[in-house]
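The values are calculated or read from the model by the stated rules, or taken from the named source; none is laboratory data. Treat the numbers as computed from the prediction; the structure is a model and nothing was measured. Methodologically, a virtual Cβ is constructed for each residue, glycine included, from the backbone with ideal geometry; neighbour enumeration extends over all protein chains shown.
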Amino acid sequence: MKSFGNSLVLAAALLLAGCGGVKTEYDYPVLVPGTDNRYAPSSQIKGGSMFGEDGFSLFGGGNKANDGDGGAGIGVNALLWRASLDTINFMPVSSADPFGGVILTDWFSPAETPDERFKVNIYVLGRELRADGIKAAVFRQRRDAAGGWIDAPVDPKTAIDVENSILTRARQIRQAAGR
């Protein structure tokens, strides 16, 4: 009986050792930064790490090449992140991920137009304060005759205006901080 147990342990060890060459990571699809709804395998995206190229910094250590604009423990430019939140502060925030740089708002109906509502998705795309470091997507819905919400077109200039407002606010924050 003892030799049967040893044989079983040896067989299990050999079986597990044979699994060493098997790829166990899943190449999941991710949204390609700077594109509208285009996905690619995670292995094809530069900096495919969950925490970006520089990794995760809990207490702000690591790469300081961006003059401190990245913030301690935050994965994106802190000025753009704060400016984004300041710019949409009148809308309810549904989700905010400072490591991934994504801010999603919930639907918001202005008091002036209760039959219309808006939603904004903001993507902070890097650790540098640059004009191409921010992307906004604006969605609009109108109430139909039955009381339901239907998608309505949004002027493409609206998203650009939101991005420009965020960039202006980021410059104001940087000037106020004396950087």
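Here are some notes:
- Unique residue being assigned to a helix (DSSP H, G or I), under 18 Å from residue 77 (Cβ atoms) and either at pLDDT below 95 or among the charged types (D, E, K, R) (or both) when the list is 127, 169: 169
- Residue match in the range 122-140 (condition: among the acidic types (Asp, Glu) and surrounded by fewer than 10 Cβ atoms within 10 Å (Cβ to Cβ)): no
- Within the range 85-107, considering residues that are among the hydroxyl-bearing types (Ser, Thr, Tyr) and touching a strand residue (DSSP E or B) at 6+ places or on another chain (Cβ under 7 Å), the one surrounded by the most Cβ atoms within 10 Å (Cβ to Cβ): 105
- For the range 131-154, the set of residues classified as in contact with a helix residue (DSSP H, G or I) (Cβ under 9 Å, 6 or more places away or on another chain) and part of a loop (DSSP other than H, G, I, E, B) is empty.
- The lone exception for residue 117 - which of (1) closer than 18 Å to residue 82 by Cα; (2) in contact with a Phe, Trp or Tyr (Cβ under 8 Å, 6 or more places away or on another chain); (3) of a type outside the set (Gly, Ala, Ser) it fails: (1)
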